[in-house]
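Undergrad: Pasting in a structure now, in structure tokens, and then I'll have a few things to ask.
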Amino acid sequence: MTASFPIEELNWWQSPDPTSAELYASGGLQVEDWPHARQVERLANKLFHTTQPLHHLDEEARRLLARAALLHNTGMLIDVRRHHKHSYRLIKETPLPDFSDQQRHEIACIARYHRRALPSTSHAEFAALKREARKRVSALAALLRVADALDYNHDGSVLHLSSAENLYNKTTWTIALQVRPLADVDQEIEHAYAKADLFEKVFKRKLRLIIEE
């Protein structure tokens with residue numbers, strides 16, 4: 001099967017240092033693992049486009065997701081176990097270029113929910129959002145959780161993903177993965193299913209992952 005992505009994308013993960021564009025986008029925040037951040041951003045963008053029929057969100061929402069994906073692990077440099085909460089605080093307190101204060105709050109919340117607890121109005125940061133923003137944050141965090149899981153080993157094994165339109169229905173949404181030759185993605189798939197809880201709650205579909213040969 002011919003790859004449906006540029007061949008240069010295969011080498012994105014080999015550069016451990018941020019580009020000038022990534023430094024600009026980070027607003028000066030430190031990122032623990034730039035190749036992982038890039039991969040999660042790539043996968044989150046692809047998930048956004050392949051699940052468009054489910055969420056119906058616009059390009060502005062995709063930009064929120066992309067920035068949250070790039071910065072989701074910035075809290076790792078403070079504390080590993082609670083890094084999602086530290087990521088929220090750091091993003092919330094750091095001016096990010098090209099985004100308003102309100103948008104930055106949403107980005108911080110999306111990053112905060114990339115693991116552990118699901119969005120809840122019992123959380124002050126989530127409750128502070130307007131109803132439409134809460135819906136948007138929940139949908140985008142659902143995609144980020146899956147994207148992050150699909151790079152569980154931080155090795156860029158998943159090259160590409162797309163919707164398997166002939167396999168999804170009213171109860172199941174199927175995503176087809178293209179992976180590196182001989183790559184073992186059992187852990188990625190296991191963790192993606194474990195973190196699909198928000199996806200299934202928000203979109204009312206079971207997530208199914210298959211590997212394309």
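Undergrad: All but one of (1) within 26 Å of residue 176 (Cβ to Cβ); (2) assigned to a loop (DSSP other than H, G, I, E, B) hold for residue 29; state the number of the condition that does not hold.
TA: (1)
Undergrad: Within segment 134-147, does at least one residue satisfy the condition of being closer than 18 Å to residue 51 by Cβ and in a loop (DSSP other than H, G, I, E, B)?
TA: No: zero hits.
Undergrad: Would you point out which residue out of 104, 81 is in contact with a Leu (Cβ under 6 Å, 6 or more places away or on another chain), over 17 Å from residue 36 (Cα atoms) and surrounded by fewer than 22 Cβ atoms within 10 Å (Cβ to Cβ)?
TA: Exactly one of 104, 81 is in contact with a Leu (Cβ under 6 Å, 6 or more places away or on another chain), over 17 Å from residue 36 (Cα atoms) and surrounded by fewer than 22 Cβ atoms within 10 Å (Cβ to Cβ), namely 104.
Residues are listed down the side, and each one gets a yes or a no for (1) of a type in the set (A, V, I, L, M); (2) part of a loop (DSSP other than H, G, I, E, B); (3) at pLDDT 95 or above; (4) closer than 13 Å to residue 151 by Cα:
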| site | (1), (2), (3), (4) |
| --- | --- |
| 37 | yes, no, yes, yes |
| 45 | no, no, yes, no |
| 48 | no, no, yes, no |
| 66 | yes, no, yes, no |
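Undergrad: Turning to a different aspect of this structure: Take segment 154-206 and flag every residue that is touching a Ser or Thr at 6+ places or on another chain (Cβ under 9 Å), assigned to a helix (DSSP H, G or I), among the charged types (D, E, K, R) and more than 29 Å from residue 16 (Cα to Cα).
TA: 201
The values are calculated or read from the model by the stated rules, or taken from the named source; none is laboratory data. Since we're looking at a predicted model, the values are computed, not measured. Positions of Cβ are generated from backbone atoms using ideal geometry, with glycine treated the same way; all protein chains shown enter the neighbour counts.
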